[in-house]
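**Student:** This structure is in structure tokens; I'll ask about it shortly.
The values are calculated or read from the model by the stated rules, or taken from the named source; none is laboratory data. These figures come from a predicted structure and were not determined experimentally. Reconstructed Cβ throughout: ideal geometry from the backbone, glycine too, with neighbour counts over all protein chains shown.
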Amino acid sequence: MSGPRLAVIGSLNADLTLIVGRLPGPGETVLSSAPGTVGFGGKGGNQAAAAAAFGADVTMIGRVGDDDVGEQIRADLVSRGVDVSRVRVTPGARSGGATIAVDPAGENLILVDPGANGALVPGDIDPDALDGAGAVLLQLEIPLATVAAAASKASAPVVLNPAPAAPLGPDLLADVDVLVPNRTELALLAGAAPPSGLAATAALARKLRGGLDVVVTLGADGALVVPGSGGPAAHIAAPAITAVAAGPLRRSTSGLTSAAAVTCGVNESSGAAGASIRRRRSAAASRAAAQPATQAAASHEIRFMSSPIREASPF
């Protein structure tokens with residue numbers, strides 16, 4: 001039986017990862033300590049790969065350049081079971097890319113060249129591509145006008161991972177059903193300092209528009225589900241994990257993979273606060289934190305979903 005049908009609208013990149021002894025400071029040159037590795041990423045591509053690994057029927061909407069990298073990005077997604085018929089090739093443009101420096105502790109510094117991602121315009125969002133989707137997944141690595149257009153055109157629930165962090169207008173938030181920020185992104189959207197505890201985090205999430213389900217990713221601390229219905233928030237502790245892939249550890253995939261998990265759950269339940277969503281999101285996010293932030297990692301970590309998830313009492 002096929003899984004839920006999802007539409008992912010977002011960025012597609014090729015990422016060069018460099019291992020360094022320490023991250024460079026301003027104006028400083030640092031040599032890598034190992035050969036660089038190239039993987040396929042972009043927030044949209046990572047979410048599409050993760051959702052497909054969860055068993056969803058995924059359609060990717062995005063842009064690549066008319067270069068070899070663009071062909072490789074599309075081929076990689078196809079190999080993961082993602083429909084790329086809506087991924088357009090942009091004449092005269094290079095594909096998006098990122099250069100990532102990672103230190104021994106797993107902390108990173110990332111520079112992104114949007115490339116063809118910047119050419120994804122509202123007119124590229126064909127409503128026909130959204131028809132029949134159980135949910136639509138968005139992020140902010142493409143032009144904000146395109147994100148807003150996609151959210152307004154969608155008839156299915158819209159799940160937004162507001163990363164990279166940016167202020168969002170009330171019109172866009174009004175079209176979002178489930179928001180999946182981390183604490184820093186939540187603080188920016190609420191116009192406040194980052195919250196320091198669970199109660200403060202829940203209170204901040206409730207300051208956003210009424211009826212908005214919010215799933216706050218907490219890294220190693222799991223996730224906090226704040227239902228828009230006004231019901232109690234629930235903290236889901238992350239399961240104990242160990243890294244399962246060699247190479248540098250990055251944390252930036254946790255929000256991406258958890259957003260994919262939430263999207264799959266939205267298509268199966270009545271709201272973001274459903275137990276199946278909470279279990280999937282916390283397991284996905286915590287395991288993604290121990291993975292390189294590429295599509296390969298996003299797919300690989302989904303195989304480890306059977307360990308028990310500990311849930312705290314609602315508050």
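**Student:** Can you find a residue in region 71-78 that is crowded, with 19+ Cβ neighbours inside 10 Å and out of contact with any helix residue (DSSP H, G or I) (no Cβ under 8 Å at 6 or more places or on another chain)? Please lay out each step first, then the result.
**Tutor:** Of all residues in region 71-78, those crowded, with 19+ Cβ neighbours inside 10 Å come to 73-74, 76-77.
Remaining after also requiring out of contact with any helix residue (DSSP H, G or I) (no Cβ under 8 Å at 6 or more places or on another chain): 74.
Yes, region 71-78 has at least one match.
**Student:** Considering only region 1-91, give the strands (runs of 3 or more DSSP E) lying wholly within it that have at least 1 residues that are under 23 Å from Ala149 (Cα atoms) and among the acidic types (Asp, Glu).
**Tutor:** 57-65, 83-90
**Student:** A further question follows. When you go through Gly36, Gly42, Gly25 one by one, which is the residue that is of a type outside the set (A, V, I, L, M) and within 17 Å of Val89 (Cα to Cα)? Steps first, please.
**Tutor:** Values: Gly36 fails: within 17 Å of Val89 (Cα to Cα); Gly25 fails: within 17 Å of Val89 (Cα to Cα).
None of the others qualify; the one that does is Gly42.
**Student:** Okay, moving on. Just name the residue that is farthest from Leu138 (Cα to Cα) out of those in region 9-39 that are of a type outside the set (Ser, Thr, Tyr), at pLDDT 95 or above and buried (at least 24 other Cβ atoms within 10 Å of the Cβ).
**Tutor:** Among those that are of a type outside the set (Ser, Thr, Tyr), at pLDDT 95 or above and buried (at least 24 other Cβ atoms within 10 Å of the Cβ), it is Ala14.
**Student:** Inspect region 101-122 for any residue being assigned to a strand (DSSP E or B) and among the acidic types (Asp, Glu) and give the result as yes or no.
**Tutor:** Kept after step one, since they are assigned to a strand (DSSP E or B), are these residues of region 101-122: 101-102, 108-113.
Still in the running and among the acidic types (Asp, Glu): 113.
Yes, region 101-122 contains at least one residue that is assigned to a strand (DSSP E or B) and among the acidic types (Asp, Glu).
**Student:** So which of Asp66, Asp76 is among the acidic types (Asp, Glu), in contact (Cβ under 8 Å) with a residue 40 or more places away in the chain and over 24 Å from Leu160 (Cβ atoms)?
**Tutor:** Every option except Asp76 fails the conditions.
Residue-wise test of (1) in contact with a strand residue (DSSP E or B) (Cβ under 7 Å, 6 or more places away or on another chain); (2) in a helix (DSSP H, G or I); (3) surrounded by 15 or more Cβ atoms within 10 Å (Cβ to Cβ).
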{"residue": "Leu137", "(1), (2), (3)": "yes, no, yes"}
{"residue": "Ala151", "(1), (2), (3)": "yes, yes, yes"}
{"residue": "Leu186", "(1), (2), (3)": "yes, yes, yes"}
{"residue": "Pro194", "(1), (2), (3)": "no, no, yes"}
{"residue": "Val214", "(1), (2), (3)": "yes, no, yes"}
{"residue": "Leu224", "(1), (2), (3)": "yes, no, yes"}
{"residue": "Pro232", "(1), (2), (3)": "no, no, no"}
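**Student:** Considering only residues that are more than 21 Å from the chain's Cα centre (by Cα) and of a type outside the set (D, E, K, R), look in region 59-71 and name the one that is farthest from Gly123 (Cα to Cα).
**Tutor:** Kept after step one, since they are more than 21 Å from the chain's Cα centre (by Cα), are these residues of region 59-71: 65-69, 71.
Now restrict to residues that are of a type outside the set (D, E, K, R): 65, 69.
On the way: Gly65: 18, Val69: 24 Å.
So, considering only residues that are more than 21 Å from the chain's Cα centre (by Cα) and of a type outside the set (D, E, K, R), the one farthest from Gly123 (Cα to Cα) is Val69.
**Student:** Condition first: in contact with a strand residue (DSSP E or B) (Cβ under 6 Å, 6 or more places away or on another chain), of a type in the set (A, V, I, L, M) and over 11 Å from Ile61 (Cβ atoms). Can you find one or more residues in region 117-131 that meet it? Please lay out each step first, then the result.
**Tutor:** Looking only at region 117-131, we keep the residues that are in contact with a strand residue (DSSP E or B) (Cβ under 6 Å, 6 or more places away or on another chain), and these are 117, 119-120, 129-130.
Now narrow it down to the ones that are of a type in the set (A, V, I, L, M): 119-120, 129-130.
Add one more test, that the residue is over 11 Å from Ile61 (Cβ atoms), and what stays is 119.
Checked against the condition, which is being in contact with a strand residue (DSSP E or B) (Cβ under 6 Å, 6 or more places away or on another chain), of a type in the set (A, V, I, L, M) and over 11 Å from Ile61 (Cβ atoms), region 117-131 yields at least one hit.
**Student:** Oh, and also: Can you run down the residue pairs with Cβ atoms below 8 Å, 6 or more apart or on separate chains, where the first is in region 137-148 and more than 13 Å from Lys43 (Cβ to Cβ) and the partner is of a type in the set (Asp, Glu)?
**Tutor:** Thr146/Asp124; Ala148/Asp171; Ala148/Asp175
**Student:** Quick one: how many residues across region 122-142 are within 16 Å of the chain's Cα centre (by Cα) and of a type outside the set (D, E, K, R)?
**Tutor:** Going through region 122-142 one residue at a time, the tally reaches 7.
**Student:** Quickly run through region 123-135 and pick out the residues that are touching a Pro at 6+ places or on another chain (Cβ under 8 Å) and in a loop (DSSP other than H, G, I, E, B).
**Tutor:** Taking region 123-135 and keeping what is touching a Pro at 6+ places or on another chain (Cβ under 8 Å), we get 134-135.
Within region 123-135, just Gly134 meets the criteria.
**Student:** Exactly one of (1) farther than 30 Å from Arg22 by Cα; (2) touching an Asp or Glu at 6+ places or on another chain (Cβ under 9 Å) is unmet by Gln72. Its number?
**Tutor:** (2)
**Student:** Right, here's the next one. From the list Pro162, Pro167, which one is in contact with a Pro (Cβ under 8 Å, 6 or more places away or on another chain), more than 22 Å from Pro232 (Cα to Cα), not hydrophobic (A, V, I, L, M, F, W, C) and not in a strand (DSSP E or B)?
**Tutor:** On inspection, the qualifying residue turns out to be Pro162.
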